[in-house]
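These notes concern the structure reproduced below.
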Amino acid sequence: MLYPGTYADRTPARIAAVLADTGETLTYGELEDRSVRLANTLRAAGLRPGDCVALLTENNLRAFEVYWAALRSGFYITAINRSLTPPETAYIVDDSGAAALIVSGATPEITATAETLATMTPGVRLRLAFDGPVAGYDSYEDTLAAASPVRPDDQPHGMPMLYSSGTTGFPKGVQPPLPPYRIGDVRGEPMLRMVNASFGIDENTVYLSPAPIYHAAPLRWSACVQGHGGTVVMLRRFDAAAVLAAIAKYRVTHGQFVPTMLVRLLQLPGEVRAAADVSSLRCAIHAAAPCPVEVKQRMIDWWGPILTEYYSNTEGTCMTMVDSADWLKHPGTVGRSIIGTLHVCDDTGAELPPGQVGALYGERDTVPFVYHNDPGKSAAAQHPDHPTWTTAGDVGYLDEDGFLYLTDRKAFTIISGGVNIYPQEIENALTLHPAIHDIAVIGLPHADLGEAVTAFVQPAAGVTPGPELAEQILDFARERIARFKMPRAVHFVDELPRTETGKLIKRELRQRYAPQS
C-alpha cells in the first residue's frame, strides 16, 4: 500500500491536510517528519506492537500526525469522542488499555477533561498535549523537537480501535486483528484499494471532511485519502454554509456527509443554494444512516447524479455501495455488497428470502473484530451457526437483485400491538416537512399495545409549537405511512439529542419520557 511517507519522499510540499476555518496546512513532508518523531517517542516510552494510543481532540491537524505515528508502529489508535464527560472518557482510556494519551490544549472543555484524566487513568505511561499547556502533560511540540527524525527500519502496521457511539448503551471498543503486512506493503490495506476503485480516490482528490475526526468514517477515509496522496479539507464542525464555502474555495472533488447534514444543506435558503459553486464536486459520499428518499432525490436534483452511498459500520462486518444511477432505479437502497456477503436472518438465525425483514449479517473470510474486553458481546454479534457471519445490530432486507434496504437498528424497533414498526420509516416521511427542523420517533410503554409510536419534533425557526402544528404533522404523515405506523402523540422539544455525527441518541429520549408515560 501507499502511505504518506511515499509522498513525503516524492513531493514533500504537497498539502496533506488543511483546516478550512483558519487556512492552516500540513504538508506531506511535515506529516512524515512529525509522525516519525512521535513514533520514535512512543517506542522510546516502551510501547510495543499491540499497545494502544488514545487521542482526545477537536478537529485538529495534529490528529493525522498521531494517527500515522500509531499506524506505522503496530499500535492501536483510539480516538475518543470529545463530548464525553471525564468519567466516560476515563472508561475508554482504561478499557482500551491506552499506554499513551495525547490531548489538545486548544479548547477549555477538552483541557478540563484532560486534566481530570491525569488522576483518573493511572495506567497511562506517556501524556502529551498540543496547542496549549495541560496540567499533567508534557509538551507535544517540545517532545517532538527532541525526538529522532530517523524513520524506523521496521514499521509493523497498526489499526484503529474505535468505540461505538453508545447511542443504545455504553460504548464498545471494536478491536480488529492487527494485519500481517508492514506499513507501505503494496499487498496490504484492502480498503485503500477499494476507495480508489469504487469512489475514485487518488492523488488528485480534495476531500471535504466536516464530521468529527474521532468518528470511524472521517478518520479512516481521511487516512485513505492521504494514503493516495490527496488533500483533506477539514472543518472544525459541520455548518451548511461553511460546507458550501469550502467546496468553492478549495475546489473540493469529494465530500462525505450523513443524512442530517444533507437535510441541513437543503434547509438553506433557496437563493443561497442557487448561488453555491459546487462545480468541482465529482463524488458526494454519504453514509451512517439510511437517507430519506425525498432528501436524496432533492440533493441529486441540486448537485447532479454524483451522490454515492455506502453502508458499513465501525465493526467492519460488511460494506455496500450504490451510485446515483442504480439508486434512481432502486430508490431507498444502500447498495449491493462490495465487501463481505450479506445475509438476512430471523430471530432463530434462519436465513430469510428476498423482501423479508430481519437481522443483517455480513459474512467475511474471518471474524473481522471482537468487542474489546467483552467476550459476551463478541459472541452475541456472531451468527449461532456461522461464526464468520457477524452483525452490528442493523435490520433490513435484500431485494431480488441483491440490493440492501435498511429499516432501522434492531434496538430501535417498536413492537406495538405485536407488530414490528421501524421508526426510521416514519422519520424519513416527516423529515422535510417545512415546519420541522428535526424529528425522532421512539416507542414508549403503553398498557394495551406494549409500545406506542411517539414522535418528538424540534420545530423549524419561527414556527410555533402546539396542538394545531401537531395535527398538521399528523395529517402530513397520514398521506405517507400506513395507519398502524402513525404516531399516537407528538411532543415538541427545543432540541433533540444527537451525536456530533448526526446519530440520534434515542435512549436519552426514552430515559426522559418513559417514566412519564
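The values are calculated or read from the model by the stated rules, or taken from the named source; none is laboratory data. Bear in mind the structure is a predicted one, so any value in this text is a computation, not a measurement. Neighbour counts run over all protein chains shown; Cβ positions are idealised from the backbone, glycine included. All accessible areas refer to the heavy atoms of the entire protein, side chains included, with ligands and DNA or RNA removed. Shrake-Rupley method; radii C 1.70, N 1.55, O 1.52, S 1.80 Å.
A few remarks follow.
- The chain, accessible area per residue, ligands and nucleic acids excluded (1.4 Å, Å²): 40 Å²
- Pair Thr119, Ala460: separation of 7 Å Cα→Cβ label points (nm): 5.0 nm
- Averaging the sequence gap over all C-alpha pairs within less than 8 Å and six or more residues apart, then dividing by the number of residues, gives the chain a relative contact order of 10 percent.
- Set of aspartates and glutamates near Lys377 by C-alpha distance (under 13 Å), chain-local residues within fewer than 8 positions excluded: Glu315
- The alpha-carbon of Lys249 sits under 25 angstrom from the alpha-carbons of these lysines, leaving out residues fewer than 8 places away in its chain: Lys296.
- Between helix 216-227 and the chain there is an angle of about 40 degrees, using the helix long axis and the longest principal axis of the Cα atoms.
- Inter-label distance, Tyr181 to Arg478: 5.9 nm, where each label sits 7 Å from its Cα along the C-beta direction.
- Taking the average, over residues, of other Cβ atoms within 10 Å as the packing measure, peptides 437-448, 492-503 rank 437-448, 492-503 from highest down.
- Two-site label geometry, Ala106 and Asp154: point separation in nm, points 7 Å out along Cα→Cβ: 3.5 nm
- Amide H contacts for Arg336 (H built 1.01 Å from N in the peptide plane; partners 5 or more residues away or on another chain; cut-off under 5 Å): Met321, Leu404.
- Of Val344, Thr333, Val357, farthest towards positive along the dipole that unit charges on Lys, Arg, Asp, Glu beta carbons give the range 315-385: Thr333
- For mean projected area of the Cα convex hull in nm², computed directly from the structure shown, the correct entry in (1) 26.7; (2) 22.5; (3) 23.9 is (3).
- Angle in degrees between helix 62-71 and the longest Cα principal axis of the chain, rounded to the nearest 10: 80 degrees
- Here the range 254-300 is assigned +1 on the Cβ of each Lys and Arg and -1 on the Cβ of each Asp and Glu. Its dipole about the Cα centre then comes out at about 100 debye.
- Karplus-derived 3J(HN,Hα) values for the range 291-308, using 6.51 cos²θ - 1.76 cosθ + 1.60 with θ = phi - 60°, are 8, x, 4, 5, 4, 5, 4, 5, 5, 5, 4, 7, 8, x, x, 10, 6, 10 Hz; glycine and proline are entered as x.
- Separation between Cα centres of the range 1-59 and the range 264-316, rounded to whole Å: 30 Å
- Extension gain, Asp301 back to Lys249 (0.36 nm per residue minus Cα-Cα distance, nm): 16.5 nm
- Chain lengthening between Glu203 and Asp138 when straightened (0.36 nm per residue, less Cα-Cα): 19.8 nm
- Computed helical MRE - 222 nm, the chain, DSSP H runs ≥ 4 contributing -39500 (n - 2.57), nearest 500: -9000 deg cm²/dmol
- In a fully extended conformation the segment linking Ala380 and Arg193 would gain 64.2 nm over its present Cα-Cα distance, using 0.36 nm per residue.
- Under the Karplus curve 6.51 cos²θ - 1.76 cosθ + 1.60, θ = phi - 60°, whole-Hz ³J(HN,Hα) for the range 239-254, x wherever Gly or Pro sits: 8, 4, 5, 5, 4, 4, 5, 5, 4, 5, 5, 9, 6, 4, 9, 9
- Residues whose amide H lies under 5 Å from that of Asn59, counting only those 5 or more places away or on a different chain, are Ile213; hydrogens are built 1.01 Å from N in the peptide plane.
- Packing rank of 225-233, 123-131, where each peptide gets the mean count of other beta carbons within 10 Å, highest leading: 225-233, 123-131
- Built amide H within the under 5 Å cut-off of Ala452, gap 5+: Leu444, His446
- Once the C-beta distance of Ala145 and Ile415 is scaled by a Förster radius of 56 Å, the resulting FRET efficiency is 0.40 to the nearest 0.05.
- Apportionment of accessible area to carbon and sulfur, the chain, percent (1.4 Å): 52 percent
- A simple rule links phi to the HN-Hα coupling: the Karplus curve 6.51 cos²θ - 1.76 cosθ + 1.60 with θ = phi - 60°, which for the range 257-262 gives 9, 10, x, 4, 5, 4 Hz, with x for Gly and Pro.
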